[in-house]
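Laboratory data are not the source of any read-out in this text; all were calculated from the coordinates shown. These numbers were taken from a predicted model, which means no experiment stands behind them. So basically every Cβ, Gly included, is an ideal-geometry build from the backbone, and we count neighbours across all protein chains shown.
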């Protein structure tokens, strides 16, 4: 729990500092103790941190646009995440039919099999890495299955997704991307462009093949005529690219962050084991407690008023979802993990028209992970150093050793 001595003044808030990225919550507490609107003159950014303000902002797409991208660096891309109405509405209507919450449970048997494989791999020794064996392979296998990517191509898919994800690390203090690998190699912006070109080439070939020989997969369904309309070839390519981010990385971070939270709250894990009906609520609480998407940006296309402050048109507006989900005015004792809190109004996946299309799928994967953990692990214990990612947008772990000696 964040104590008063841990609170960092809002005046010192720097969304790109290594210290803030490593542990943002004392800084978020400082934002909540400060003004409703914070102007970071150094970066030319306006920050909203209250739950009510961030929730209102993500729903006001008429004045706060996504068209110039959702990271600090203005990067307009022809994908649903960075589109405003009416184009966004049309694409969402077409693609959304495949991820409707009422239908997502058709993937349950497949996800259960993938989670079992991951947990078996973790339990093969006394210590298993929850990221290596579970958090990374489960979401990527699920998305490959949905898209129709052959299992043999999963390593290629993972490599393309990793290259793309590093684009979210772009910030004004870092002209290059630092890759989180053993040799800490630095790459320039060409890595992102190369990933996009590679993804387009791969899925262009796949789409052409599906036109010749249809299959039972998402790509085939999206190229077929439907009442909602069809995607153009370019729109379909960018949608596949988006799924590599929204469908893989966010779920990877959810599984890792949730595991860390449960290990740090053994009493709550005991409650979940004794009351498995708490699992859906616990997944929502994990999303609130340590959000896989920490921050997104919007561009003000008109003056935007919050309280007595007017954010000028043309400004970059930072919406820290992680801060909004720890707002003490909205969630009592926000720094405590409570399995029964059931925060259905969390905004870990954003909100409004841009709420993550795969949110229901990610939540289902999280529930299945907990369901199987309940039957395997009496306790969840960290068995070594946890290595966090260093991404200002996406928060997760890249190394998470767990004691599996007593697993069933």
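Some notes on this structure:
- Taking other Cβ atoms within 10 Å as a rough exposure proxy, 77, 357 sort from fewest to most as 77, 357.
- Computed over the stretch 247-305, the alpha-carbon pair-distance distribution with 5 angstrom bins reads 4, 16, 22, 19, 11, 9, 7, 5, 4, 3, 0, each value a whole percent.
- Listed by Cβ neighbour count within 10 Å, with the fewest neighbours leading, 122, 83 appear as 122, 83.
- Base-10 log of normalised Debye intensity for the chain (one unit scatterer per alpha-carbon) at q = 0.10 Å⁻¹: -0.67
- Once Rg and the Kirkwood radius are both taken over the C-alpha atoms of the stretch 185-314, their ratio Rg/Rh works out to 1.11.
- Rounded to the nearest 500, the helix-only mean residue ellipticity at 222 nm of the chain stands at -12500 deg cm²/dmol, with each DSSP H run of n ≥ 4 adding -39,500 (n - 2.57).
- Using C-alpha pairs under 8 Å with a sequence gap of at least 6, the mean separation divided by the residue count of the stretch 203-326 gives a relative contact order of 17 percent.
- Rounded if a/c under 1.5, otherwise prolate or oblate - the stretch 281-342, Cα gyration tensor axes: prolate
- Taking the DSSP bridge list for the chain and keeping only pairs wholly inside it, about 90 percent are antiparallel.
- Relative contact order of the stretch 20-98: 14 percent, from C-alpha pairs under 8 Å at least 6 residues apart in sequence.
- Stokes-Einstein diffusion of the stretch 289-400 at 37 °C, 0.692 mPa s viscosity, Kirkwood radius from Cα pairs, rounded to a whole number: 195 µm²/s.
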